[in-house]
Amino acid sequence: MRVGEVLLMQGDVRGALVRAQSAVTILEAVLASTKGDRDAQRLLSQGFVLLGLARSESGDDAQARAAWGSALEIIEPLARDSRDFRFLVPYAKTLVYLDRTGEAGSIIERLDAIGYVDPELSQVRAERGL
């Protein structure tokens with residue numbers, strides 16, 4: 001997915017869409033054979049976040065929100081009571097992208113409490129005043 005993120009940063013929205021969709025397809029297949037794999041679930045949610053970002057950049061806001069909604073369905077049960085940044089960071093980002101900033105703020109406070117700093121999340125915090 002990192003390649004998709006880089007492509008998106010470089011403005012290659014089509015390339016990012018292809019990479020994100022490929023990641024989602026592969027991870028869905030992995031999860032079908034390994035039920036309950038928390039890391040695969042986390043990665044799948046991150047794939048949906050990237051897919052949402054690419055769709056948003058291409059102007060398809062409805063599909064972007066649908067992708068972020070899928071990400072939230074996956075990550076929320078894993079992160080709700082967690083103190084593990086690997087689950088909290090994608091959870092907070094997904095909430096922000098869905099404009100649920102109040103909920104994201106409480107997750108960000110949890111990250112602050114454990115001393116975790118994510119550069120991308122810090123940028124989003126500054127932009128949205130969280």
task = Would you point out the residue of region 94-104, among those that are closer than 28 Å to Lys35 by Cα and in contact with a Ser or Thr (Cβ under 9 Å, 6 or more places away or on another chain), that is surrounded by the fewest Cβ atoms within 10 Å (Cβ to Cβ)?
result = Tyr97
query = Of these, Gly15, Gly4, which one is without any contact (Cβ under 8 Å) to a residue 40 or more places away in the chain and within 21 Å of Glu120 (Cβ to Cβ)?
reply = Gly15
task = Would you be able to say whether some residue in region 73-93 is surrounded by fewer than 21 Cβ atoms within 10 Å (Cβ to Cβ), of a type in the set (Ser, Thr, Tyr) and either in contact (Cβ under 8 Å) with a residue 40 or more places away in the chain or in a helix (DSSP H, G or I) (or both)?
result = no
request  = Mind counting the residues in region 22-62 that are among the small types (Gly, Ala, Ser) and within 11 Å of the chain's Cα centre (by Cα)?
outcome  = 3
request  = Give region 105-126 a look and list any residue that's farther than 17 Å from Gly52 by Cα and surrounded by 15 or more Cβ atoms within 10 Å (Cβ to Cβ), or say none.
outcome  = Gly105, Ile107, Ile108, Arg110, Leu111, Tyr116, Asp118, Arg125
message = Take the conditions of a type in the set (Gly, Ala, Ser) and over 14 Å from Glu5 (Cα atoms) and apply them to Ala54. Does it pass?
response = no
query = Which ones in region 57-80 are farther than 19 Å from Asp37 by Cβ and among the acidic types (Asp, Glu)?
reply = Glu57, Asp60, Asp61
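Every read-out reported here was derived from the displayed coordinates using simple, explicitly stated rules and does not represent laboratory data. Keep in mind it's a predicted model, so treat the numbers as computed, not measured. Reconstructed Cβ throughout: ideal geometry from the backbone, glycine too, with neighbour counts over all protein chains shown.
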